[in-house]
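Participant: Dropping a structure here in structure tokens format, bear with me for questions.
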Number of protein chains: 2
Amino acid sequence: MAEKRKSHLVSERVSELPHSIFARLANLVGKGVISLGPGEPDFATPKHICNAAKKALDEGYTHYPPTTGYPDLLEALGKKLKAKNGIRADDPQTQICVTCGSTESLLLSMFTAVDPTEAVLVPDPGYMAYGPMIEMVDAEPVTYELHDDDGFQIDTDAMKKRIKPKTVGIILNNPSNPTGTVLKRSVLEEIADIAVDNNLMIISDEAYEDFTFGGAEHTSIGSFNGMEDYVVTNFSFSKSYAMAGWRVGYAVGPSSFIETMSKDHLYTSIASPALSQRAAIAAVTGPHACVEGMAREYERRRDFMLKRLNEISCLEVKVKPEGAFYVFPRIHSFGKMNSEQFSLWLLKEAKVVTIPGSEFGQMGEGFLRLSYATDMKSIASAMDRLEKLLGKK
Amino acid sequence: MAEKRKSHLVSERVSELPHSIFARLANLVGKGVISLGPGEPDFATPKHICNAAKKALDEGYTHYPPTTGYPDLLEALGKKLKAKNGIRADDPQTQICVTCGSTESLLLSMFTAVDPTEAVLVPDPGYMAYGPMIEMVDAEPVTYELHDDDGFQIDTDAMKKRIKPKTVGIILNNPSNPTGTVLKRSVLEEIADIAVDNNLMIISDEAYEDFTFGGAEHTSIGSFNGMEDYVVTNFSFSKSYAMAGWRVGYAVGPSSFIETMSKDHLYTSIASPALSQRAAIAAVTGPHACVEGMAREYERRRDFMLKRLNEISCLEVKVKPEGAFYVFPRIHSFGKMNSEQFSLWLLKEAKVVTIPGSEFGQMGEGFLRLSYATDMKSIASAMDRLEKLLGKK
């Protein structure tokens, strides 16, 4: 036998994947600790959605659903995409694929768009799953940098310079985790041109579409004329409807792309669960006051957190977040702590969980992510603790 | 820009994936057609399991579950594995990962065990997802042949000859889809030796563990002494508890393997749905008469189908299936039809859906898969129709 890799057990691919700090932090969360770490809504799923799942159970929805999703769910999503996002999925049955959360639809998008050794542009700082997902399809993530000086908008000239012959795609996250940035229409228009000029597929992650604040408007790049063949957009029920535990999301794009994606879906999980899909129909076709209510509560918390952070030493919010449920302040620490050390120090000394910016890429170094997907009382106590430890400005 | 692949949309990887005939057949299933195609139980999920999901909803289980699974589910699975399968998962919290069905756990097993360009042995005929899954991780499926002359048991001498320097794993399916074969203990012992001698990881798919007939006993290769570091076993709730629509399964193996697998799980779907996991606890800890009841009903149908098939011309069951819910007869057709043509002809002339054996690999050519996961009345009518078309022996 020829010599093999180190372990017969574990591939080199996965042994190189990063261990998320979330797991480490979760172990440290003890009594009396307040977490500003959450990446999911603190709200429970609205009652009418839960009731739809119970009804579906009574109706016997316990068998395999279709791989792309129940036809009536696809139909309802087609209407929503047109009315709300301006994305024309004229044939929802072939242009939409329902998945186990937008996590699965993002990974399936990579599988469908990217071959081994090819490259995909990813935001830095950006959601920490993009890089590992691209590595899972044996391709190369290439970062484009975001700066708070630019309001964390995308510098399209700099982005162009990152394109190599092997580049086949661009990941956009709008609104952004971790920065809370809502991408401007003018920036998206420039990116659309870059995609067409360079024959690139845009993989747009719009999981936070429903949470924008202060009049900021969420624009789907997939709604632009001429972009029909260049964009796959990934949406989620997890954030909008507080349905993280249900694992239901979806991708919309050109039929040829989605039909290929759904072949792959047979080999990742077969389908999003039957009950989750039936609940999703109730969510998308039912009353939307619950979504609007959550959005306004997030905005109230954002405003409060920003006000308090502006009074606390060491932390500087240069960019007012306009979406998602995160604030991403710069750290001006006294010593030489990096963001991970600073975050662990806050946990130890103030008993407040934060996520170090370095978790979101090299450009995240020197920042912290604070989530306000937790109740106002906890946010207020956390701010008190941080202020006590770090001092007032 | 350098020249790129044909389409900017779709990777070469996925454009090479096979289109399943299931989709094509599904479109042909019209009024009056009886399907012997099903790959899932016709039974509904038992009531006590559905009720557990409703209770979980009332208790607020709508948030992200832990990636590897709820601790109490892992604990319950650890006990089940020890008592039923003889697999010692002494630390269930690190040795078990709950997934969106065993489909996801199989794919995650490939991701974890296999690097690009490496090779994995797969059964032929075998479940049609194995090859594409291996191709999704950019590795090479290499078949080992199964023959009805050997009762579709594995010829371990032939298997050894298929091992190349790049081979890192063996997929076993026990009981087998499509042949219904339950692997003998003596054969499994020989395969265990092959794995250890050649430093290979065994990826065992035991989704049909609960359905064995006529006294045949299901043996988990992961229960053998000395195999602790050489086996990852994949189980499913879909078949045993008629829970296909819930998407819940699990993998058990060495801690180092499972911990790495669960890192990947964050990027495939994050976790199996909360409700599905709570329902799974009720399934695994609750009364098992329902499972035994389904197994005995499948056995009754198997016996009936075998009796009828033995009287029908053109179809020969050389190997009495001892597990799963399939019969895999040889076709002795009048003309020169291959199995796909024969299957389509049966659909057209007898209005009976069958799956051509060629769907399960080259060695499946000349066979048909008939599922008895449908009610007895439909099976009887289907047999009448086949007998009318094909004649009596």
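Participant: In the set B:99, B:94, which member is hydroxyl-bearing (Ser, Thr, Tyr), at pLDDT 95 or above and over 24 Å from the mean Cα position of the chain (by Cα)?
Facilitator: B:94
Participant: Those residues that are among the charged types (D, E, K, R) and within 7 Å of another protein chain (Cβ to nearest Cβ), I need them from region A:48-60; list them, please.
Facilitator: A:54 - this is the single residue of region A:48-60 that is among the charged types (D, E, K, R) and within 7 Å of another protein chain (Cβ to nearest Cβ).
Participant: Next question, about the same structure. Given the criteria buried (at least 24 other Cβ atoms within 10 Å of the Cβ), within 12 Å of chain A (Cβ to nearest Cβ) and either modelled with pLDDT of 95 or more or within 30 Å of residue B:287 (Cα to Cα) (or both), does residue B:163 qualify?
Facilitator: Spelling it out, it is not the case that residue B:163 is buried (at least 24 other Cβ atoms within 10 Å of the Cβ), within 12 Å of chain A (Cβ to nearest Cβ) and either modelled with pLDDT of 95 or more or within 30 Å of residue B:287 (Cα to Cα) (or both).
Participant: Name the one entry in A:296, A:301, A:247, A:278 that is of a type outside the set (Gly, Ala, Ser) and without any contact (Cβ under 8 Å) to a residue 24 or more places away in the chain.
Facilitator: From the options A:296, A:301, A:247, A:278, the qualifying one is A:296.
Participant: Among the residues of region A:61-69, are any within 23 Å of residue B:57 (Cβ to Cβ), in a helix (DSSP H, G or I) and within 14 Å of chain B (Cβ to nearest Cβ)?
Facilitator: No.
Participant: Which one is nearest to residue A:215 (Cα to Cα) among residues in region A:311-324 that are in contact with a Lys or Arg (Cβ under 7 Å, 6 or more places away or on another chain) and assigned to a loop (DSSP other than H, G, I, E, B)?
Facilitator: Checking each candidate, the answer is A:321.
Participant: Of all residues in region B:136-154, which are part of a helix (DSSP H, G or I) and crowded, with 19+ Cβ neighbours inside 10 Å?
Facilitator: Answer for region B:136-154, where residues must be part of a helix (DSSP H, G or I) and crowded, with 19+ Cβ neighbours inside 10 Å: B:136, B:148.
The rows are residues; the columns are (1) in a helix (DSSP H, G or I); (2) of a type in the set (D, E, K, R); (3) within 26 Å of the chain's Cα centre (by Cα).
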position: A:341; (1), (2), (3): yes, no, yes
position: A:358; (1), (2), (3): yes, no, yes
position: A:369; (1), (2), (3): no, yes, yes
position: A:378; (1), (2), (3): yes, no, yes
position: A:384; (1), (2), (3): yes, yes, no
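Participant: Of the residues that sit in region A:240-254 and are farther than 17 Å from residue B:268 by Cα and part of a loop (DSSP other than H, G, I, E, B), which one is farthest from the other protein chains (Cβ to nearest Cβ)?
Facilitator: A:240
Participant: Quick one: is residue A:128 on the phi < 0 side of the Ramachandran plot and touching an Asp or Glu at 6+ places or on another chain (Cβ under 9 Å)?
Facilitator: yes
Participant: Could you list all residues from region B:155-186 that are over 19 Å from residue B:222 (Cα atoms), assigned to a loop (DSSP other than H, G, I, E, B) and either touching a Gly at 6+ places or on another chain (Cβ under 8 Å) or in contact (Cβ under 8 Å) with a residue 12 or more places away in the chain (or both)?
Facilitator: Once the filter is applied, which keeps residues that are over 19 Å from residue B:222 (Cα atoms), assigned to a loop (DSSP other than H, G, I, E, B) and either touching a Gly at 6+ places or on another chain (Cβ under 8 Å) or in contact (Cβ under 8 Å) with a residue 12 or more places away in the chain (or both), region B:155-186 yields B:162, B:163, B:164, B:166, B:177, B:178, B:179, B:180.
Participant: Still on this structure, I have one more. Just to check your reading of the model, which residue among B:204, B:223, B:176, B:236 is surrounded by fewer than 23 Cβ atoms within 10 Å (Cβ to Cβ), modelled with pLDDT of 95 or more and not β-branched (Val, Ile, Thr)?
Facilitator: Going through B:204, B:223, B:176, B:236 in turn, the sole match is B:223.
Participant: Out of A:192, A:207, report the one residue that is part of a loop (DSSP other than H, G, I, E, B) and either touching a Pro at 6+ places or on another chain (Cβ under 6 Å) or among the hydrophobic types (A, V, I, L, M, F, W, C) (or both).
Facilitator: Criteria check complete, one pass: A:207.
Participant: Taking the condition of being part of a loop (DSSP other than H, G, I, E, B) and buried (at least 20 other Cβ atoms within 10 Å of the Cβ), how many residues in region B:278-292 meet it?
Facilitator: 0
Participant: Filtering region A:74-125 down to residues that are of a type in the set (Asp, Glu) and touching a strand residue (DSSP E or B) at 6+ places or on another chain (Cβ under 8 Å), which residue is farthest from the other protein chains (Cβ to nearest Cβ)?
Facilitator: Per the criteria, the residue is A:124.
Participant: Which condition number in (1) away from every other protein chain (no Cβ under 12 Å); (2) assigned to a helix (DSSP H, G or I); (3) buried (at least 24 other Cβ atoms within 10 Å of the Cβ) is the one that residue B:133 fails?
Facilitator: Exception for residue B:133: condition (1).
Participant: Which one of these is touching a Pro at 6+ places or on another chain (Cβ under 9 Å) and basic (Lys, Arg): B:302, B:296?
Facilitator: B:302
Participant: Select from region A:255-276 the residues that are farther than 27 Å from residue A:55 by Cβ, under 22 Å from the mean Cα position of the chain (by Cα) and within 7 Å of another protein chain (Cβ to nearest Cβ) and list them in ascending order.
Facilitator: Residues satisfying the conditions are A:257, A:264, A:268.
The values are calculated or read from the model by the stated rules, or taken from the named source; none is laboratory data. Only a predicted model underlies this, so the values are computations on that prediction, with no experimental measurement involved. FYI the Cβ positions are ideal-geometry reconstructions off the backbone, even for glycines, and counts take in every protein chain you see.
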